[in-house]
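Novice: Could you have a look at this structure, given as structure tokens, before my questions?
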Amino acid sequence: MAPRQLHSIQVLRGLAALSVVIGHLWQIEARFLGEELTSSVMLVGFAGVDLFFVLSGFVMVHVTRTQETSSRNNAYFLYKRATRVYPPYWVFTALMIVAILVGPDTNTERVNAESILLSLLLLPQFEVPILPVGWTLVHEMYFYIVFTGLLFLPRKFLPYALIAWLMAVVAATAFDLHRATATFSIVFNPLTVEFLLGAALALWRPNLPRWAGALAIAAGISGLLAAAMALGPLSVETFPIFWTRFFVFGIPVTLIVLGMLQFETDKPTGLYAGLVRLGDWSYSLYLGHLIFLAAGARIWRLIVPDLGWVDNLAMLSLGVVGCIIAAGLTYQWIERPMLVATRRFGHRVFRS
């Protein structure tokens, strides 16, 4: 029997995607709206990426906990992960390519055969993929491939394999191997440890009282706020990377995941149920929000006069709401039908 879906994990997925959207608002305002209502401190919203990595590690262990070890089952697991990631990503990458080629003031040189191939296949590269958020999916696919290999081990050896993976990352970064090549920058990136922390939570998930869960959430949020104050003025160039990012964002978001798991419920209602639905839309929201925001800002600038911070506030607020609505429609009409079709095909191939 497949493990049941955890609503708390869906809530966190939705919040992670929304956090990344908020992180990009400052850049969108600076590029398209001129005035500066927002602050670079909003870049802390990019901690949503770290939250996604921790959630991925947790989910991978959770969904395979009762899976029988076999080549067919392991291949089916990797197929499901790949078909969950690639088809919607290809749709939004195609939209981004069109936007770059036909849009004003865009760098069309970044759209070439090599960049398209590397981007579509989510292969390691020093440059950001054509769809910028795709860099995180390169890490995700690496996680899935390695974890699939670990599934061939008896389940009792999985904790030791994860510890060995951690030690390999620590040792490699000590010798700066993660800076040597594009592939090594993925294989030995400290962000992998966030995935491993999520896996550890699933393996050794403590059953804490709710008050302890609330304390863990409060500690995690406090850690993120402290990071925002300690880091000071941020930019894309000065944003923390590698181990600094892990300690600043990875540990706090892990505490938040640990805490939220203590509030798991079988029947979400009210705001909680709405956040679960946002979690269903989170992948479409994550993939499409830059396109939605940029297109909305361009249209806004054409039809609304510059009223300073007033129209900035209106545009950014409507932009977030519009992103959520567009993500819901994209999920319903594009992402979900693709998922259903690939699942049916996979079931015929691997379960027949």
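The values are calculated or read from the model by the stated rules, or taken from the named source; none is laboratory data. As the structure is a prediction and not an experimental result, all values here were calculated from the model. Neighbour counts are summed over all protein chains in view; Cβ atoms, including those assigned to glycine, are modelled from backbone coordinates with ideal geometry. Each accessible area value is taken on the protein alone, full model and side chains, heavy atoms only, with ligands, DNA and RNA left out. Shrake-Rupley method; radii C 1.70, N 1.55, O 1.52, S 1.80 Å.
Novice: Go through the range 281-291 and count every residue that is in a helix (DSSP H, G or I), surrounded by 21 or more Cβ atoms within 10 Å (Cβ to Cβ) and among the hydrophobic types (A, V, I, L, M, F, W, C).
Specialist: Just the residues of the range 281-291 that are in a helix (DSSP H, G or I), to begin with: 282-291.
Pick out the ones that are also surrounded by 21 or more Cβ atoms within 10 Å (Cβ to Cβ) and you get 282-290.
Now drop any that are not among the hydrophobic types (A, V, I, L, M, F, W, C), which leaves 285, 287, 290.
Total meeting the criteria: 3.
Novice: Every residue in the range 296-352 that is in contact with a Phe, Trp or Tyr (Cβ under 9 Å, 6 or more places away or on another chain) and among the acidic types (Asp, Glu), please.
Specialist: 311, 335
Novice: Scanning for something more than 29 Å from residue 95 (Cβ to Cβ) and in contact (Cβ under 8 Å) with a residue 40 or more places away in the chain, does the range 273-296 turn up at least one residue?
Specialist: no
Novice: Among the residues of the range 104-127, which ones are assigned to a loop (DSSP other than H, G, I, E, B) and either open to solvent by less than 20 Å² (accessible area, probe 1.4 Å) or in contact with a strand residue (DSSP E or B) (Cβ under 8 Å, 6 or more places away or on another chain) (or both)?
Specialist: Within the range 104-127, just 122 meets the criteria.
Novice: Restricting attention to the range 217-257, and to residues there that are buried (at least 19 other Cβ atoms within 10 Å of the Cβ) and of a type in the set (Phe, Trp, Tyr), which single residue is farthest from residue 48 (Cα to Cα)?
Specialist: Looking at residues that are buried (at least 19 other Cβ atoms within 10 Å of the Cβ) and of a type in the set (Phe, Trp, Tyr), I get 246.
Novice: Follow-up. Go through the range 58-81 and report how many residues are buried (at least 18 other Cβ atoms within 10 Å of the Cβ), among the aliphatic types (A, V, I, L, M) and in contact with a Phe, Trp or Tyr (Cβ under 8 Å, 6 or more places away or on another chain).
Specialist: The total comes to 1.
Novice: Still on this model: Give the number of residues within the range 10-35 that are within 13 Å of residue 285 (Cβ to Cβ) and either aliphatic (A, V, I, L, M) or in contact with a strand residue (DSSP E or B) (Cβ under 8 Å, 6 or more places away or on another chain) (or both).
Specialist: Total satisfying the criteria: 7.
Novice: Tell me, yes or no, whether the range 56-65 has at least one residue that is closer than 23 Å to residue 293 by Cβ, touching a helix residue (DSSP H, G or I) at 6+ places or on another chain (Cβ under 7 Å) and in a helix (DSSP H, G or I). I'd like the intermediate steps shown before the answer.
Specialist: Just the residues of the range 56-65 that are closer than 23 Å to residue 293 by Cβ, to begin with: none.
Checking the range 56-65: not a single residue is closer than 23 Å to residue 293 by Cβ, touching a helix residue (DSSP H, G or I) at 6+ places or on another chain (Cβ under 7 Å) and in a helix (DSSP H, G or I).
Novice: Need the failing condition index for residue 273 against (1) farther than 30 Å from residue 97 by Cβ; (2) touching a helix residue (DSSP H, G or I) at 6+ places or on another chain (Cβ under 6 Å); (3) at pLDDT 90 or above, just the number.
Specialist: That leaves (2) as the condition not met.
Novice: Could I ask something else about it? Go through (1) open to solvent by 60 Å² or more (accessible area, probe 1.4 Å); (2) touching a residue at least 24 places away in the same chain (Cβ under 8 Å); (3) under 30 Å from residue 68 (Cα atoms) one by one and return the number of the condition residue 347 breaks.
Specialist: So the condition that residue 347 fails would be (2).
Novice: Quick one: residue 101 ticks every box in (1) out of contact with any Phe, Trp or Tyr (no Cβ under 9 Å at 6 or more places or on another chain); (2) open to solvent by less than 60 Å² (accessible area, probe 1.4 Å); (3) in a helix (DSSP H, G or I) except a single one, so which number is it?
Specialist: That leaves (2) as the condition not met.
Novice: Determine the pairs where a residue that is without any contact (Cβ under 8 Å) to a residue 60 or more places away in the chain and among the small types (Gly, Ala, Ser), located within the range 314-325, has a partner that is in a helix (DSSP H, G or I) and open to solvent by 10 Å² or more (accessible area, probe 1.4 Å) with Cβ atoms under 6 Å apart, the partner being 6 or more residues away or on another chain.
Specialist: Matching pairs, first to second residue: 322/296.
Novice: I would also like to ask the following. Tell me which residues, restricted to the range 151-200, are in a helix (DSSP H, G or I), within 14 Å of residue 139 (Cα to Cα) and polar (S, T, N, Q).
Specialist: Of the range 151-200, the ones in a helix (DSSP H, G or I) are 155-174, 177-179, 182-187, 192-200.
With the extra rule that they be within 14 Å of residue 139 (Cα to Cα), the set shrinks to 169, 178, 182-187, 192-196.
Within the range 151-200, 183, 185, 192 meet the criteria.
Novice: Hey, another quick one. Would you check if residue 130 is surrounded by 15 or more Cβ atoms within 10 Å (Cβ to Cβ), assigned to a helix (DSSP H, G or I), hydrophobic (A, V, I, L, M, F, W, C) and out of contact with any Asp or Glu (no Cβ under 6 Å at 6 or more places or on another chain)?
Specialist: The answer is no for residue 130.
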